[in-house]
1. Which strands (runs of 3 or more DSSP E) sit wholly inside region 147-224 and have at least 2 residues that are among the β-branched types (V, I, T) and open to solvent by 10 Å² or more (accessible area, probe 1.4 Å)?
2. Restricting to region 227-237, what's the tally of residues that are under 16 Å from Q127 (Cβ atoms), surrounded by fewer than 21 Cβ atoms within 10 Å (Cβ to Cβ) and in contact with a helix residue (DSSP H, G or I) (Cβ under 9 Å, 6 or more places away or on another chain)?
3. Quick check on region 1-24: of everything there that is open to solvent by 40 Å² or more (accessible area, probe 1.4 Å) and small (G, A, S), which residue is modelled with the lowest pLDDT?
4. Quick one: how many residues across region 225-239 are under 23 Å from T171 (Cβ atoms) and assigned to a loop (DSSP other than H, G, I, E, B)?
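The values are calculated or read from the model by the stated rules, or taken from the named source; none is laboratory data. Model, not experiment: these values are computed from the prediction. Neighbour counts run over all protein chains shown; Cβ positions are idealised from the backbone, glycine included. Side chains included, ligands, DNA and RNA excluded: accessible areas come from the protein's heavy atoms. Shrake-Rupley method; radii C 1.70, N 1.55, O 1.52, S 1.80 Å.
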Amino acid sequence: MTDTATILDADLDAYVDNQLDADGRLRVETYLARHPDVAARVMADLGMRTTLRLAVAADVVTGRPETREAARHLSAGLAGLRMWMAIRRVAAVALLVSAGWVAHSSFGPLAMREVNASVPPPAFVEQAVRAHQTALVRKGMPSQTQAKTYDREDIRAATAIVMPELPVGWTVGDVQIFPSGYGPSVEVSIGTADGTRISLFAVRPGHFAVEPVTDLNLKDAEAAWWQIGDVAYAVVSSTPETGLADEAELLKNSLY
């Protein structure tokens, strides 16, 4: 029962995979007790299997459903050393994918900040442009009453959005509240000190991030945006290549 002369790698794999009967497990365990180096390798394999089971059970592998399914499939049918190597690779990929998604949801994409034609701007930038265009329509309608009081505390109390402090010399033409997917948004029509007409837009985009100012020329407008926590901000002009990055930096710095 305890003869260990014929223990093969296949027996060790079957032991890890829980495919041996009581007699077979006793033979392997007796062998492992006499060979610490082999026992260490087997324990490492057992630890990897347990880690995988916990990961699947706790649904840690959230990045790709196909990766999760592959992990379950391999966990259920491990047989031999090549299968163990495969599961190690899958587990490593799954953990990297999971870590990448957690980092992205917690901090936002912090690596590349350059915007080009292949990287579309965030959805809230399009909302900001639409709000800016709506404000221009309102400005040309005598029947539309414009609210020229920029009361940051009043806006914060009503929307829970902290608005930037406007630089000296900037004037407010209108303040409007718009609906959005994650609560109200705020649009402020502004005249800068040099007479440039811009809009300041603030909204909750539905995710947490810390984003620096990014400036982009669109087809019929220019927008510079940034995000602090759960609130995103954008400055919009109807004239492309106006150069809004400096104005956006001024407004962003006033929030700290």
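1. Values: elements: 171-178, 185-191, 197-203, 209-217.
Output list reads 171-178, 209-217.
2. The qualifying residues number 0.
3. Ranking the candidates gives A5 first.
4. Here is the first cut: in region 225-239, the ones under 23 Å from T171 (Cβ atoms) are 225-226, 233-239.
Cutting the leftovers down to assigned to a loop (DSSP other than H, G, I, E, B) gives us 238-239.
Within region 225-239, residues that are under 23 Å from T171 (Cβ atoms) and assigned to a loop (DSSP other than H, G, I, E, B) number 2.
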